[in-house]
Every structure is written in C-alpha cells, then in structure tokens.
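We did not get these values from a lab; they are worked out from the coordinates using the rules stated. The structure presented is a predicted model; accordingly, all values stated were derived computationally and were not measured. No Cβ is skipped: glycine too gets one built from the backbone with ideal geometry, and neighbour counts run over all protein chains shown.
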Amino acid sequence: NIPEGVTISRYIPPILDIVLDKPMIRDVQIRPNIVGSPQKGLKITKITIEPTSFTIKGARQLLKNITEVKTEAINVDQISESRTFKTSLSLPSKTLIAQHSQQISVKIEVASNIIEREFTQVKVVLNDDSKSLDPPEVTVTMTLKEDKLPDLPSEPILKVTLPDKKEF
C-alpha cells in the first residue's frame, strides 16, 4: 500500500517494515520543565510562559495523543531572584517538527517562603499553679517557613516552664 507517486527502489536490510501514516498538524500546550530549587528561603510563586502553545507537525499515529510538550530543562537551582529564561521545545520524537523556530520565554518569579504570623491574646499557662502571670494573655509573633503554617494550632497556648527556684 504505497501512496501514488512513491517508488521504493531498494532497501537494506532485505526485511523492513515500513509504516506510512498521514501527516497531522496540531497545536499543543507548552509545559515548562523546571528542575532544581531556588535558594534556601525562596519558593517559586509564579511561572509565565510565552508563547503558551506551539504548532507541531508529524505522523497522525504519533501526534494524536500528544496534547502538551515540555520545554528543554530549565535549571532554577540556587536562583536568588525572579528571572526570565529562553528555551526551546523538547519534542518527544525526532520525527515531530515544530512549525516555528521561535524561542520560548519562561519567567520564573520567586519570593520568600519565610513568613511572620502574629497571634494575639495567646493564653499563657505556667507549669506551677501557685504562680500567676500578669497579663495572662500575650501577643506572639512567629517567623516560620510557609509550609509549617498548617501545623500551627488556630488558638495556640504558650506553656512556660518555670525553674525550680524558691524565688520567682
């Protein structure tokens, strides 16, 4: 089943499976391939990619299930500020062709992942019931990594352990 106008004059090795497929053109989404991590204390807050999609051409069987294509690896290891990277597509097959040779611009925005959280009217509990504290409630400001925030109770209590001394 060779298409009209195609002639195969010879092929090596003598046994060769040839599969001919119809070409297909498809717009696919671009997904940035981010590797590494920003400097300690920073996190990626936003990724902007331009263009967001690309037109690729290839065999229908190969292209029919592809909806997105990654970029070449973008190494953000130890970056200390927001930065724009220029990259290109990493096509999953050498037989696929990008319809444009346009570079892809990927802006990586970073920000501190260290936050301050203020708790007001935090009840103070002493380990010695015979002692009291005035005021019985305080304001506490905590500095912590953002990912630890879910571990904090919604109404924290400050427990104070007093030393075993006769005078306070």
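Where nothing but the Cβ of Lys and Arg (+1) and of Asp and Glu (-1) is charged, how large is the charge dipole of the chain around its Cα centre, in debye to the nearest 20?
Value, rounded to 20: 940 debye.
What length, rounded to one decimal in nm, is gained on full extension from Lys57 through to Ile115, with 0.36 nm per residue of separation minus their alpha-carbon distance?
Once the chain is fully extended between Lys57 and Ile115, it gains 16.2 nm.
Which residue fluctuates the most in the chain, going by a Gaussian network model with Cα springs under 10 Å, if the choices are Pro153, Pro14, Pro23?
Pro14
Just grab the label-to-label distance for Ser101 and Asp151, each label 7 Å out from Cα along the Cβ direction, in nm (one decimal).
Placing both labels 7 Å beyond Cα along the Cβ direction yields 5.3 nm.
Among Ile97, Leu144, Val160, flag the residue with its Cα farthest along the positive direction of the charge dipole of the stretch 69-168, charges on Cβ as +1 for Lys/Arg and -1 for Asp/Glu.
The one lying farthest along the dipole's positive direction is Ile97.
Can you give me the Kirkwood hydrodynamic radius for the stretch 1-112, using every pair of distinct Cα atoms, in Å to one decimal?
16.7 Å
Can you find, among Thr45, Ile79, Ala59, the residue farthest towards the positive end of the dipole of the stretch 33-79? Put +1 on the C-beta of Lys and Arg, -1 on that of Asp and Glu.
Farthest along the dipole direction, towards plus: Ala59.
Using a Gaussian network model on the chain with a 10 Å cutoff between Cα atoms, which of Leu89, Leu149, Leu63 fluctuates the most?
Leu149
Among the DSSP beta bridges whose two residues both lie in the stretch 98-168, what percent are antiparallel, rounded to the nearest 5?
65 percent
How many angstrom lie between the C-alpha centres of the stretch 4-45 and the stretch 112-168?
Rounded to whole Å, the Cα centres lie 57 Å apart.
Treating only the Cβ atoms of Lys and Arg (+1) and Asp and Glu (-1) as charged, compute the dipole magnitude of the stretch 78-168 about its Cα centre; round to the nearest 20 debye.
Roughly 720 debye for the stretch 78-168.
If R0 is 41 Å, what FRET efficiency do you get for Lys43 and Arg10 from their C-beta distance, rounded to 0.05?
0.10
Pull up the DSSP beta bridges for the chain and report the antiparallel fraction as a percent, rounded to 5.
Percentage antiparallel, nearest 5: 75.
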